[in-house]
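A.B. asks: Before I ask anything, let me first share the structure, which is written out below as C-alpha cells.
The values are calculated or read from the model by the stated rules, or taken from the named source; none is laboratory data. Remember, it's a predicted structure, so these values are computed and weren't measured experimentally. Positions of Cβ are generated from backbone atoms using ideal geometry, with glycine treated the same way; all protein chains shown enter the neighbour counts. All accessible areas refer to the heavy atoms of the entire protein, side chains included, with ligands and DNA or RNA removed. Shrake-Rupley method; radii C 1.70, N 1.55, O 1.52, S 1.80 Å.
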Amino acid sequence: MTEVTAAIIRSNGRVLIARRAPLQEGAGFWEFPGGKVEVGETPEECLERELLEEFGVNARIREFVTESTYEYA
C-alpha cells in the first residue's frame, strides 16, 4: 500500500487544483496537489515538501480533513 497526501488550499473563495501531466496515470485529470509519503516522512512533511517542489510554495499544514482508501487495478 502507498500512502499519499493531498492539500486543499482555499483563498478568496477559490480552490487550488492541479492537472496531471500528460505521461502520468490519469493524464489530464484534475487533482488536489500532493504526493507520495516518503519513508520516515509524516503526511504533513510530505505536503510541505510536495507544495515546495511542485509550486515553489512554503506551506504550513493546518488541519487534517479526511481520508479514503483507493485500490488501483
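A.B. asks: Starting from one equal scatterer on each C-alpha and no solvent at all, send me the Debye-based log10 I(q)/I(0) for the chain at q = 0.21, 0.27 Å⁻¹, two decimals.
C.D. replies: Values returned for q = 0.21, 0.27 Å⁻¹ are -1.08, -1.51.
A.B. asks: Here's another thing I want to ask about it. With charges only on Cβ, +1 for K and R and -1 for D and E, what is the dipole size of the chain about its Cα centre, in debye, rounded to 20?
C.D. replies: Values: 8 positive and 14 negative charges, 96 e Å.
Around 460 debye, computed over the chain.
A.B. asks: Which whole-number percentage describes the relative contact order of the chain, with Cα contacts under 8 Å and a sequence gap of 6 or more? Walk me through the numbers on the way to the answer.
C.D. replies: Numbers: 80 pairs, mean separation 17.9, N = 73.
RCO, the chain: 25 percent.
A.B. asks: How much net charge surrounds Glu31 when only the other residues with a Cβ under 9 Å from the Cβ of Glu31 are counted, with Lys and Arg +1 and Asp and Glu -1? Numbers along the way, then the final one.
C.D. replies: Working: positive: Arg19, Arg20; negative: none.
Once positives and negatives cancel, what remains is +2.
A.B. asks: Most mobile of Val15, Val37, Val57 per a Gaussian network model of the chain (Cα springs, under 10 Å)?
C.D. replies: Its mean-square fluctuation being the largest, the pick is Val15.
A.B. asks: What number comes out for the charge environment of Glu48, summing +1 per Lys or Arg and -1 per Asp or Glu over other residues with Cβ under 11 Å away? Display every interim value, and only then the final one.
C.D. replies: Values: positive: Arg49, Arg60; negative: Glu41, Glu44, Glu45, Glu50, Glu53.
Its environment carries a net charge of -3.
A.B. asks: Pick from Ala59, Ala18, Ala27: which is most flexible by mean-square fluctuation in a GNM of the chain where alpha carbon atoms under 10 Å apart are linked?
C.D. replies: Of Ala59, Ala18, Ala27, the Gaussian network model singles out Ala27 as fluctuating most.
A.B. asks: What net charge is computed for the residues neighbouring Asn58, neighbours being all others with C-beta under 15 Å from the C-beta of Asn58, Lys and Arg scored +1, Asp and Glu -1?
C.D. replies: Details: positive: Arg49, Arg60, Arg62; negative: Glu44, Glu45, Glu48, Glu50, Glu53, Glu54.
So the environment of Asn58 carries a net charge of -3.
A.B. asks: Computing the accessible area with a 1.4 Å probe over protein heavy atoms, can you report the carbon and sulfur percentage for the chain?
C.D. replies: 51 percent
A.B. asks: Using helices alone, what [θ] at 222 nm do you get for the chain, with -39,500 (n - 2.57) per DSSP H run of 4 or more residues, divided over all residues and rounded to the nearest 500? Display every interim value, and only then the final one.
C.D. replies: Details: 1 runs with 13 residues, N = 73.
That calculation yields -5500 deg cm²/dmol at 222 nm.
A.B. asks: Please build a GNM for the chain, connecting alpha carbons under 10 Å apart, and tell me which residue among Gly56, Gly28, Gly13 fluctuates the most.
C.D. replies: Highest fluctuation among the options: Gly13.
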